[in-house]
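Accompanying notes for the structure given below.
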Amino acid sequence: MTEFIIMPAIGAVIGAVTNELAIKMLFRPYKPVYVFGLRLPMTPGVIPSQRSVIAGNIAETFEKHLLSGKEIHDMLTSQDMHDQLEIEIFRGLEQELPNIINNPELLDQTSFMIHSALINTAKDKFVTISAEKAPLLAEQMIDKAIDSLGAMVAMVASPFKGKICEKVLEGIEALSHETLASFSTDETRLLIKEKISEESSQINYTKIAESIAPKMTSLIIDGLSKAIEEALSSGHLDIRHKIESRINELDIEQLEEIILGFSREQFRYITAFGALLGAVIGLVQAFTFGMLN
């Protein structure tokens, strides 16, 4: 009866050990083993000796059935991504636009820009008025003034009309320079800044965000699409090549740890199944031995 205990036990041990050894031999030894200058068979292990082939197969399978560069492009530029990105940009703009517009530095720059534009525009207008309209306007005003004073005064004042026009034009020019000087002060610029700040409270930020978000989204998606297409054409987004290269660059110890890391439990089942199968074979042998005796 002892054979029904010993033989299944020996079979279980042999089955477990051989399966465990077979698993180990997938990776071990890491390097070829030489005896008297001859390399021993099965060295290095299956995975180290076939790593480049295995890496190529893994990379090809991953790209074909899981994820490829084209699928990344299609996913990141899809309509769903476009819609979701637009929603997020709208939310961000709606929340941040008040902070952006009321940022002290931006207010300073904006007020400076508007102030400079106002001064330059005023200068251009005053130059145009002084050169084209002021002389005629001054002459018309003086004629009306002289005519309103009566014929006697008009007769006396007419010879001096040119001088009077000249003095009026000098006054207009002086007033223009004085007005421009008053506009050019920091006080005016600060007043513009205050008005911008006051008016910003009346801005409909939601409406602005709604108008900007679609354009920003299209710009981002288009830019992303072109960047991915360039990466694909240049090979920078070659998923298969990157996976294959990365696997080939790993140390065998690292590769072993990675593979065993997600399949260690399954390998234990293989070892246990080997023990079970060995025990069954041992039990059959025990029965056979008993029958023969």
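The values are calculated or read from the model by the stated rules, or taken from the named source; none is laboratory data. Note that the coordinates shown come from a computational prediction; the quantities given were computed from them, not determined experimentally. Cβ sites come from the backbone with ideal geometry, for glycine too, and all protein chains shown count toward neighbours. The accessibility values were calculated without ligands, DNA or RNA, using every heavy atom of the protein model including side chains. Shrake-Rupley method; radii C 1.70, N 1.55, O 1.52, S 1.80 Å.
General observations
- Nearest-10 value in Å² for the accessible area of Phe183, using the 1.4 Å probe: 80
- Average projected area [Cα convex hull, region 50-129], square nanometres: 11.9
- Sulfur and carbon atoms: percent of accessible area, region 215-255 [1.4 Å]: 53
- Neighbourhood net charge (11 Å Cβ-Cβ; Lys/Arg +1, Asp/Glu -1) for His241: -1
- Within-13-Å neighbourhood charge of Ala275 [Cβ basis; K, R +1; D, E -1]: 0
- Accessible surface of His65 - all protein chains present, 1.4 Å probe, nearest 10 Å²: 130
- Point-charge dipole on Cβ atoms (K/R +1, D/E -1) for region 177-234, about Cα centre, debye to 20: 160
- Per residue, region 66-112 exposes 66 Å² of accessible surface when a 1.4 Å probe is rolled over the protein heavy atoms with every protein chain present.
- P(r) weight above 14 Å for region 183-230, C-alpha pairs, percent: 70
- In summary, the convex hull built on the alpha carbon positions of region 1-122 has an orientation-averaged projected area of 22.2 nm².
- Each distinct pair of alpha carbons in region 164-293 adds a 1/r term; the inverse of their mean, the Kirkwood radius, is 25.6 Å.
- Cα-based shape type of region 47-95, given that a ≥ b ≥ c are square roots of the gyration tensor eigenvalues and the cut on a/c is 1.5: prolate
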